[in-house]
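To keep things clear, I will list the structure first and then write my remarks on it.
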């Protein structure tokens, strides 16, 4: 099993066509994952993945960005407060 981005797949299509003859190749495009594999059956279509418990616990990239930014701001604030407290102590 191999997982590649849609860009990587587009750049190296021959490589992944050959690989799909031997194993399953998953192509990730955004939040979607597609299965690319060899089949002797014509026009067979299956739903490979269904959302599971972990999927519903996940967060979006925007939510992750907000949380990280909030953590960085909090860390910066605590560091500045710590520096100002230590400089006040040194003056006294």
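Bear in mind these aren't lab numbers, they're just calculated from the coordinates by the rules spelled out. Not measured: the values here are computed from a predicted model. When we count neighbours, we look across all protein chains shown, and the Cβ atoms used for this are built from the backbone with ideal geometry, even at glycine.
When every Cα-Cα distance of the stretch 52-92 is counted in 5 angstrom steps from zero, the calculated P(r) takes the values 5, 20, 13, 14, 12, 9, 9, 6, 6, 4, 2, 1 percent. Once both labels are positioned 7 Å from their Cα atoms along Cα-to-Cβ, the gap between residue 11 and residue 75 label points is 3.0 nm.
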